[in-house]
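What follows is a short report on a single structure.
The values are calculated or read from the model by the stated rules, or taken from the named source; none is laboratory data. None of these values were measured; they are calculated from a predicted model. Neighbour counts are summed over all protein chains in view; Cβ atoms, including those assigned to glycine, are modelled from backbone coordinates with ideal geometry. These accessible areas exclude ligands, DNA and RNA; they are computed on the full protein's heavy atoms, side chains included. Shrake-Rupley method; radii C 1.70, N 1.55, O 1.52, S 1.80 Å.
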Amino acid sequence: MNIQTIPASKLPELVTEGVHVIDVRTPAEFKSVHVIGAELHPLETFNAAEFCQQHGTEKPIYILCHSGKRAEMAAQKLITAGHQATYVVDGGTQAAIAAGVSLVQGRKTMSIERQVRIAAGGLVFVGTLLGLQVHMGFFAMPAFVGAGLALAGITDTCGMGMMLSKMPWNQ
């Protein structure tokens, strides 16, 4: 079964109808802004089989994250667990904001994607400086980061993002 998507522009109407919306971002991202009525189910701890036992497999579930990738991963977990009506909100929370969905605003936090860019850039910069100034062996650090970024692009999953999502400031 393929993952079904809906445009974020349909979300305001669906939310007023009381549909089941889940948000699979980190707790910190959820606290900063989320769709009113959305339930937090972080992807890292999301147990689709347990979710299906509690909520059934027939009721439509609408899933969102920051931009859509984690929502697709959660949808795939639900489909594998036997859920019959799983929908990903195309464009995630960012598209929902643009569509005018009612939101709960909290303390602003930094997205996982931005944290990855900062961490990767910092590691490349420090590794290059150390390689130039201390020992050539430090050039392995930017090479490792570059390989990780290439792998993330090829597989569409990011190991650094998964590690950062488990950090205390993202909980």
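Would segment 137-153 turn up any residue that is under 24 Å from G68 (Cβ atoms) and within 15 Å of the chain's Cα centre (by Cα)? Let's see the steps before the verdict.
The initial filter retains those residues of segment 137-153 that are under 24 Å from G68 (Cβ atoms), namely 148-153.
Filter once more, keeping what is within 15 Å of the chain's Cα centre (by Cα): 152.
Yes - at least one qualifying residue is present in segment 137-153.
Can you list residue pairs whose Cβ atoms sit under 9 Å apart, with the first residue in segment 4-29 being more than 21 Å from Q76 (Cβ to Cβ) and the second being open to solvent by 50 Å² or more (accessible area, probe 1.4 Å) and of a type in the set (D, E, K, R)? Count only pairs 6 or more apart in sequence or on different chains.
From segment 4-29, the pairs are A28/R107.
Report yes if I118 is in contact with a strand residue (DSSP E or B) (Cβ under 6 Å, 6 or more places away or on another chain) and of a type outside the set (D, E), otherwise no.
On the way: in contact with a strand residue (DSSP E or B) (Cβ under 6 Å, 6 or more places away or on another chain): no; of a type outside the set (D, E): yes.
It is false that I118 is in contact with a strand residue (DSSP E or B) (Cβ under 6 Å, 6 or more places away or on another chain) and of a type outside the set (D, E).
Being charged (D, E, K, R) and in a helix (DSSP H, G or I) is the filter; apply it to segment 99-130 and report the residue that is nearest to R25 (Cα to Cα). Spell out the reasoning first.
First, pick out the residues of segment 99-130 that are charged (D, E, K, R): 107-108, 113-114, 117.
Filter once more, keeping what is in a helix (DSSP H, G or I): 113-114, 117.
Values: E113: 11, R114: 14, R117: 17 Å.
The extreme case among them is E113.
What pairs come up if the first residue lies in segment 122-151 and is farther than 22 Å from M162 by Cβ, the second is in a helix (DSSP H, G or I) and open to solvent by less than 50 Å² (accessible area, probe 1.4 Å), and their beta carbons are under 6 Å apart, counting only those six or more places apart or on different chains?
Going by the 6 Å Cβ cut-off, the qualifying pairs are T128/P142; F138/G127; F138/G131; F139/G131.
For segment 96-127, enumerate the residues that are surrounded by 14 or more Cβ atoms within 10 Å (Cβ to Cβ) and either under 19 Å from E39 (Cβ atoms) or in contact with a Phe, Trp or Tyr (Cβ under 7 Å, 6 or more places away or on another chain) (or both).
The answer is A96, I97, V101, L103, T109, G127.
All but one of (1) surrounded by 13 or more Cβ atoms within 10 Å (Cβ to Cβ); (2) part of a helix (DSSP H, G or I); (3) not polar (S, T, N, Q) hold for H83; which doesn't?
The number of the failed condition is (2).
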